[in-house]
Amino acid sequence: MKKRVFLVVSLLFLMAVLTGCMEYDQAITAESEGFWNEYIVYPLSWLIVKMAELLGGSFGLSIIVVTLIIRLAILPLMIKQTKSSKAMQVIQPEMKKLQEKHSSKDQKTQQKLQQETMALFQEHGVNPLAGCFPLIVQMPILIGFYHAISRTREIAQHNFLWFDLGSPDPYYALPIIAGITTFIQQKMTPTVGDPAQAKIMLIMPVMFTFMFLSFPSGLVLYWLVTNVLSIGQQYYINKHSF
């Protein structure tokens, strides 16, 4: 679990670094070069612009629809994550027995514990890192949205509801709501009762809220819509047998 916590923290740090780098002040166009621009930022920018044209010029609605499309695309991955999380809950009693059996802190005992734990995972078809996969997938998309919204002049110059899509929310309402929905979404997601993971789950909504205070509102809108869709999806999964 320590590796999982380290991975989550590393991804958050990478996001914070990348959002301040990579040609932030250069407009994104079809002529922009580089793998990141050509295959992530520009396709997202193009999709948002084209969707806005179909929606009467509303870039806010476009971001919402594009977010829905992305969520549908990664839905199989989210279902796999939920199955793995539930499987982890099922084998928790057996994992505790292994930990009690190999309670000694010497290296050989701990190696034996790791071997038997991995064998238990394989027996039940559990991937302990499955819960990180959606975050790994969403991070490039989130950073790509940041650049697409900030570097696409058509998006940055439009507003939606009370905020400008290319600027931070002046009333801080959107980041706070996004942080609250992040917390709700995490509370609804099955966990394995790991204390370190629980701390990360509490810290992440706070971290995202403070980060979003200075982010373009269009990006925060994407994250907020993602959370709302995740909450609805998790509610359905929790009510039905998967």
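Computed from the coordinates by the stated procedures, all read-outs in this text should not be read as laboratory data. Because the structure is a prediction, the values reported are computed rather than measured. Methodologically, a virtual Cβ is constructed for each residue, glycine included, from the backbone with ideal geometry; neighbour enumeration extends over all protein chains shown.
On the stretch given as the range 31-70, residues that are outside any loop (DSSP other than H, G, I, E, B) and of a type in the set (Asp, Glu) total 2. Close Cβ contacts (under 8 Å, 6 or more residues apart or on different chains) running from residues in the range 147-161 that are closer than 11 Å to Pro216 by Cα to residues that are of a type in the set (A, V, I, L, M, F, W, C) and in a strand (DSSP E or B) are absent.
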